[in-house]
Amino acid sequence: IDEVKSGNLDYKIPVDEHSKNELDKMARGINEISLAAKSVVEKELKNQRMKSELISNVSHDLKTPITSMVTYIDLLKTEGLKSKNAPSYLEVLDQKTERLKQLTDDLFEAAKASSGSMPVKLEKVELTSLVNQGLGELNRKIEESGLTFILNNKKDKHYVLADGQLLWRVMENIL
């Protein structure tokens, strides 16, 4: 018991599994508690690693457009708004600002989803139409990517129980 109490969750109290005496029953119970505690600790460590990785990835994703924005603002300060390059600089700033806004919105949505406070409205959603809609809306980007999407069941209908808006966001991100 002292081994387990001190944090050695790998330690197992030697016990006769077939014994019915009270000390063996108690030892089996303590061994089960140790196993459950070890599982909880491992899950928490995994969650902490995932959170650290997420923070690192989000920081990098946010830093990229911000760095670009700072650069173009410096160029505008140096060359002035009447420079022949000013319109293209402003266009880049507009694009990067939009990207930063989208990343911030995505981060907010991810935080709501992970906290369990995001409302989910389950309904019957036709998946094939959703995929076809996504391919249609993102056709220009898909063509630019050089990727080819092959659908084997263009006409078949496949239904899922999901939140249509959230599923659409997932589909859009995948595509």
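The values are calculated or read from the model by the stated rules, or taken from the named source; none is laboratory data. All figures in this text were calculated on a predicted structure; none of them were measured in a lab. Quick reminder, even Gly has a Cβ in these numbers, built from the backbone with ideal geometry, and neighbours come from all protein chains shown. Quick note on the areas: whole protein, heavy atoms, side chains included, nothing else; ligands and nucleic acids left out. Shrake-Rupley method; radii C 1.70, N 1.55, O 1.52, S 1.80 Å.
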- Query: Within segment 53-66, can one find any residue that is at pLDDT below 90, aliphatic (A, V, I, L, M), surrounded by 11 or more Cβ atoms within 10 Å (Cβ to Cβ) and in contact with a Leu (Cβ under 8 Å, 6 or more places away or on another chain)?
  - Reply: yes
- Message: So in segment 156-173, with the set limited to residues that are touching a residue at least 12 places away in the same chain (Cβ under 8 Å) and surrounded by fewer than 10 Cβ atoms within 10 Å (Cβ to Cβ), which one is farthest from LYS124 (Cα to Cα)?
- Response: ASP156
- Task: With respect to ILE33, determine if the residue is open to solvent by 80 Å² or more (accessible area, probe 1.4 Å), assigned to a helix (DSSP H, G or I) and in contact with a helix residue (DSSP H, G or I) (Cβ under 9 Å, 6 or more places away or on another chain).
- Result: yes
- Query: What number of residues within segment 63-86 are part of a helix (DSSP H, G or I) and either among the hydrophobic types (A, V, I, L, M, F, W, C) or over 20 Å from ARG99 (Cβ atoms) (or both)?
  - Reply: 10
- Only one of VAL131, VAL120, VAL92, VAL125 that is outside any helix (DSSP H, G or I), in contact (Cβ under 8 Å) with a residue 24 or more places away in the chain and open to solvent by less than 80 Å² (accessible area, probe 1.4 Å): VAL125
- Task: Could you please find all residues in segment 152-175 being assigned to a loop (DSSP other than H, G, I, E, B) and over 24 Å from the mean Cα position of the chain (by Cα)?
- Result: ASN152, ASN153, LYS154, LYS155, ASP156, LYS157, HIS158
- Note on the structure: Filter segment 107-117 for residues that are hydroxyl-bearing (Ser, Thr, Tyr) and assigned to a helix (DSSP H, G or I); the one that is least open to solvent (accessible area, probe 1.4 Å) is SER115
- Message: With the structure loaded, tell me whether THR148 is in contact (Cβ under 8 Å) with a residue 12 or more places away in the chain and of a type in the set (Val, Ile, Thr) or whether it fails that test.
- Response: no
- Query: Out of the residues in segment 134-151 that are open to solvent by 50 Å² or more (accessible area, probe 1.4 Å) and not in a helix (DSSP H, G or I), which is farthest from MET171 (Cα to Cα)?
  - Reply: GLY146
- Query: So is THR104 among the polar types (S, T, N, Q), open to solvent by less than 80 Å² (accessible area, probe 1.4 Å) and either free of Cβ contacts under 8 Å to residues at least 60 places away in the same chain or closer than 24 Å to LYS51 by Cβ (or both) or not?
  - Reply: yes
- Query: Looking at SER34, SER83, which is the one that is among the small types (Gly, Ala, Ser), more than 30 Å from ARG169 (Cα to Cα) and touching a residue at least 12 places away in the same chain (Cβ under 8 Å)?
  - Reply: SER34
- Of the residues VAL4, VAL40, which is at pLDDT below 90 and either at positive phi or open to solvent by less than 100 Å² (accessible area, probe 1.4 Å) (or both)? VAL4
